[in-house]
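The values are calculated or read from the model by the stated rules, or taken from the named source; none is laboratory data. Here the structure is a predicted model, which means the values were calculated and not measured. Note: ideal-geometry Cβ built from the backbone for every residue, glycine included; neighbour counts use all protein chains shown. Note: accessible area is taken over every heavy atom of the protein model, side chains too, but ligands, DNA and RNA are not part of it. Shrake-Rupley method; radii C 1.70, N 1.55, O 1.52, S 1.80 Å.
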Amino acid sequence: MSHVIVVVLIGVRILSVTATSADEAYCYSLDENRTQWGHFATRTAYEVVRDSSSSRNYFEADCIPTKYWLLVRHGTRLHGTKYINFLPRSLNKLRDAILANNDSRKVICSDDLALLRHWRWDSNMTTDYEGFLTESGWNELKNLATREKTRFGALFHGPYRKDRFHFRYTNTQRTVASFRAFAEGLFGDGAYARVYAEGEPTRDTLLKPHFFCPDYDENKSKIRGPGSEQDKFMQSALFQQTIADISTRLGFPYNLTLDQIEDMWDHCRFEQAWYLPQLSPWCSVFTKEQINVLEYKEDLRYYYQSGHGYARAGDLACFTMADMMRHLGQAGGEPSIIAYFCHESIIQLFLVALGAKKDPNPLRSDNYEAMRNRQFRSSEWTPFAANVAAVRYQCNDVVSPVKIKFFLNEKVLMFDWCERGSCDWDEVQRSPGRLPESCLGGVTDRQLESQSKGRQCESRGGWKLRCKKRFGLSHRFKPSET
């Protein structure tokens, strides 16, 4: 089974490279309901997660959409340099060993073995294209734009005008190419060449605030270290048994190392996203329950790194929140449509600031079973092409003429402060416990960036003071509760 991945070179496509039942009898190839595709953490393909229902949820009776604001992650990408350098050798050895194990006894079903037997690393996937957007990633963004244009036809109508559309991306190939794919979905093939987008400023506190926060870096190291919830989970009997079960199922008389298992897990997820709906041979080596355990391990990291488990997460998204509130708070004027092309971390931080999808109990190393139906699942929060859209509706309603709807991956977001899915504008502004009140003052991201000194978040008050005192925002500011 040989594949070729098409990557996107800033809009030009070139050739490059390119689960579960809980017992040993599971056969990935024959499974008609591969639910594990939706549990690949942040490497989950967008098509598996997005809302595929009709556009009914976007309709608001007696209202018309007048403003649109979007925060969107880049689409499916290739591996990074580190993985491209060592994965081919590691995976070739593992494949050969699994096939040899099968010679002495049947380890996995014949259909799955055939997938592995014909698998080859595509030699076109080199470090020259590390992290590049793939053709599947291009299509994720292009198709998203096409669907949004259909849903909000009155708002997106007409040809491109620079004053009506504001786009911005971070300084990576995959976000630039994602913007271009999105522009192509809105305005036609090749239209990105005449669509303007703002590049990344020197200090991108709008889309990369965590880059300028030492506390975030310190916490990031801490949550992976000894004694962290992730570390304790990896030492637990459940996780160790999972490693043993994977090893035994593949015919090894000893336990594989965690690195070996993660090599197979990582390539399974990437390869499945590249070739969906075709099958990745490396996903066949895991059962569905084993995938769930591996996903939970990753969720423990993201939860305490950029999710509700990190006390400063909501504060770090202050500038992003301020930008959204400024845009939605304007009854008229241009631009009407704003879209930012970014990465997973800011989307997770932003969702925390919104107070979205918060579990009543935190994720821990010892409550895996209790958290099977958790709200925080990185595959649902930030798959490839993850997006949060906020839409302002002008309504024929004297009491509440302005309504806001929030969408995560094209699904309506509900909150404990707005359970209907359609929020009154006053209601959005009156939610100081969820939306950091420092972000409700209508400050532009340009003002924030020009004033920012960057490294003032060592204490919890740092971001509060920068948002509150420097820009004259509400004295009622309270740090977001996470």
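Just checking, which of 179, 156, 165 is under 28 Å from the mean Cα position of the chain (by Cα) and either under 25 Å from residue 277 (Cα atoms) or surrounded by fewer than 15 Cβ atoms within 10 Å (Cβ to Cβ) (or both)?
Going through 179, 156, 165 in turn, just one is under 28 Å from the mean Cα position of the chain (by Cα) and either under 25 Å from residue 277 (Cα atoms) or surrounded by fewer than 15 Cβ atoms within 10 Å (Cβ to Cβ) (or both): 179.
What single numbered condition from (1) part of a helix (DSSP H, G or I); (2) surrounded by 13 or more Cβ atoms within 10 Å (Cβ to Cβ); (3) over 25 Å from the mean Cα position of the chain (by Cα) fails to hold for residue 65?
Against the list (1) part of a helix (DSSP H, G or I); (2) surrounded by 13 or more Cβ atoms within 10 Å (Cβ to Cβ); (3) over 25 Å from the mean Cα position of the chain (by Cα), residue 65 comes up short only on (1).
Only helices (runs of 4 or more DSSP H) wholly contained in the range 226-304 count here; list those with 3 or more residues that are at pLDDT 95 or above, of a type in the set (A, V, I, L, M) and at negative phi. Quick ask: steps written out before the conclusion?
Details: elements: 229-235, 237-249, 258-275.
Here the list reads 237-249, 258-275.
Test each condition in (1) at pLDDT below 95; (2) of a type in the set (Phe, Trp, Tyr); (3) open to solvent by less than 40 Å² (accessible area, probe 1.4 Å); (4) closer than 30 Å to residue 424 by Cβ for residue 26 and report the one that comes out false.
Condition not satisfied by residue 26: (4).
Being open to solvent by 30 Å² or more (accessible area, probe 1.4 Å), of a type in the set (A, V, I, L, M), at negative phi and over 21 Å from the mean Cα position of the chain (by Cα), is that true of even one residue in the range 190-199?
Yes, some residue in the range 190-199 is open to solvent by 30 Å² or more (accessible area, probe 1.4 Å), of a type in the set (A, V, I, L, M), at negative phi and over 21 Å from the mean Cα position of the chain (by Cα).
Would you mind finding the one in 202, 134 that is under 24 Å from residue 275 (Cα atoms) and either polar (S, T, N, Q) or modelled with pLDDT under 95 (or both)? Full working, then the answer.
Details: 202 fails: under 24 Å from residue 275 (Cα atoms).
Of 202, 134, the one residue that is under 24 Å from residue 275 (Cα atoms) and either polar (S, T, N, Q) or modelled with pLDDT under 95 (or both) is 134.
State whether one or more residues within the range 267-287 are over 19 Å from the mean Cα position of the chain (by Cα), over 23 Å from residue 88 (Cβ atoms) and either crowded, with 19+ Cβ neighbours inside 10 Å or acidic (Asp, Glu) (or both).
Yes, the conditions are met somewhere in the range 267-287.
For every residue, the table says whether it meets (1) open to solvent by 10 Å² or more (accessible area, probe 1.4 Å); (2) closer than 24 Å to residue 368 by Cα.
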| site | (1), (2) |
| --- | --- |
| 257 | yes, yes |
| 262 | yes, yes |
| 292 | yes, yes |
| 306 | no, yes |
| 311 | yes, yes |
| 318 | no, no |
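Only residues that are closer than 14 Å to residue 293 by Cβ and of a type outside the set (Asp, Glu): list them for the range 248-263, please. If you could, list the steps in order and put the result at the bottom.
Taking the range 248-263 first, the residues closer than 14 Å to residue 293 by Cβ are 249, 258, 261-262.
Of everything in the range 248-263, those that are closer than 14 Å to residue 293 by Cβ and of a type outside the set (Asp, Glu) turn out to be 249, 258, 261.
Across the range 310-319, what is the total count of residues that are in contact with an Asp or Glu (Cβ under 8 Å, 6 or more places away or on another chain) and within 20 Å of residue 380 (Cβ to Cβ)?
Residues that pass the stated criteria total 1.
Which residues, counting only those in the range 335-357, are under 18 Å from residue 423 (Cα atoms) and open to solvent by 10 Å² or more (accessible area, probe 1.4 Å)?
So in the range 335-357, the residues under 18 Å from residue 423 (Cα atoms) come out as 350-357.
Within the range 335-357, 355, 357 meet the criteria.
Could you figure out which of (1) open to solvent by less than 10 Å² (accessible area, probe 1.4 Å); (2) within 25 Å of residue 77 (Cα to Cα) isn't true of residue 220?
(1)
Tell me, please, whether a residue that is over 24 Å from residue 291 (Cα atoms) and in contact with a strand residue (DSSP E or B) (Cβ under 9 Å, 6 or more places away or on another chain) can be found in the range 36-53.
Yes, the range 36-53 contains at least one residue that is over 24 Å from residue 291 (Cα atoms) and in contact with a strand residue (DSSP E or B) (Cβ under 9 Å, 6 or more places away or on another chain).
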